[in-house]
Amino acid sequence: MSSTTAAGPALGRTTDFLRDYGAIIGMIIVLLIFYALKPGFLSPANVANVLRQSTILIILAIGLTIVMSMRGVDLSIAQVADAAGLIAAILIINGYPVWLAFLLPLGFGLAVGGINAILMAYVGIPAIIGTLGMMFVIRSGELLATNGAEPQILFTLPRGITAPFLFLGQGSVGPVAVLTLLAAAILLLTLVLMHLTPFARQARAVGNNVRAAFLAGIDVRRVFGLGFVVAGLLSAIAGVALVSRTGIAMPRGAEPYLLDAFAAAYLGTLASRHGDMNILGTFIGALFIAFLGNGLTMMGLGAPYRFALNGAFILLAMAVGALKRRN
């Protein structure tokens with residue numbers, strides 16, 4: 001009788017552990033399978049390469065997570081990244097200073113984020129509709145600016161002109177890529193923003209219960225709108241970083257990152273005991289998506305497999321999140 005009694009709590013603890021961390025363990029197992037099939041998968045050189053390439057996804061996914069943590073959504077993040085990168089490339093090609101090629105795209109991201117904030121937080125347009133409309137508006141502007149999706153090529157220009165701009169995406173500080181340092185800085189700053197500031201407390205309140213937050217005296221519209229502003233700024237940073245890494249800018253170049261960003265954000269909820277959106281979890285999710293894509297590429301499997309797995313992971317994360325909230 002005593003052994004049966006002892007087995008009950010042990011089984012319960014095991015069940016709770018698997019519910020809370022089983023998906024994370026599953027991710028690790030997937031990566032170990034890739035390593036077993038392709039030993040070079042976890043080589044220092046390949047890991048460093050994936051860390052560098054994952055920066056754009058990490059930044060976009062963190063911006064999306066901030067909005068989604070307040071029960072919003074921003075479908076325009078990839079298009080903002082596209083346009084910001086195009087603006088930077090056009091400025092460089094036309095001989096403008098490098099500092100302007102960095103600052104003007106960031107101003108564009110802030111402006112789009114501000115417009116989204118006004119439309120969604122103050123006018124009251126549903127976020128999924130408003131940001132979808134913004135996505136198409138920006139896409140049309142890109143096509144007009146590039147004469148119908150004409151690529152803006154930087155890597156063929158004299159290195160003396162492009163070197164300062166391309167350093168962000170292709171340079172390194174010692175053994176560490178600048179892009180990796182950028183991802184670490186963005187992660188640190190957003191962790192501070194979402195955990196150690198008054199905005200963090202207000203955002204959590206809005207995400208948990210909008211009506212209760214309003215009755216507590218929080219300016220719900222301002223807080224909700226600020227999420228879109230931050231997402232717009234981060235998207236612009238990601239777009240500039242992408243063009244700096246590849247040396248080419250073209251409309252819709254960042255669009256594949258949109259699904260990956262959603263997958264990373266939802267996978268990040270698996271790192272939370274209650275299935276909540278969180279910055280650190282999204283960072284882990286983005287790294288997993290990046291390593292997953294790299295592993296599939298090494299095995300000769302293309303984008304269709306990656307998209308299918310991303311969709312499956314989103315459904316899995318939502319299902320596990322629902323189970324966590326139920327318990």
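What the table below lists for this structure:
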item	result
Simple spin-label estimate for T156 and H195 in nanometres, 7 Å along Cα-Cβ	4.7
Tilt relative to the chain, helix 127-145 - C-alpha long axis, 0 to 90 degrees, to 10	20
Amide proton proximity set for I248, modelled H, under 5 Å, gap of 5+	L154
Calculated FRET efficiency for the pair L132/L215, C-beta based, R₀ 25 Å, to 0.05	0.20
Under Karplus coefficients 6.51, -1.76 and 1.60, residue-wise ³J(HN,Hα) of the range 24-39 in Hz, glycine/proline x	5, 4, x, 4, 4, 4, 4, 5, 5, 5, 4, 5, 5, 7, 10, x
Peptides 252-265, 40-53 ordered by average Cβ neighbours within 10 Å, highest first	252-265, 40-53
Stretch gain in nm, segment R222-I248, where the contour uses 0.36 nm per residue and the Cα spacing is subtracted	5.7 nm
Computed FRET value (nearest 0.05) for M299 with V123, which takes r as the C-beta separation and R₀ as 51 Å	0.60
Within the chain, helix-based [θ] at 222 nm, where runs of 4 or more DSSP H residues each add -39,500 (n - 2.57), nearest 500	-25500 deg cm²/dmol
Degrees between helix 159-170 axis and first principal axis of the chain (Cα, 0 to 90, nearest 10)	10
The chain: angle of helix 220-246 to the longest principal axis, Cα-based, in degrees nearest 10	60
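Each value in this text was obtained by applying a stated rule to the coordinates, not by laboratory testing. Values in this document were obtained by computation on a predicted structure and should not be read as measured data. Methodologically, a virtual Cβ is constructed for each residue, glycine included, from the backbone with ideal geometry; neighbour enumeration extends over all protein chains shown.
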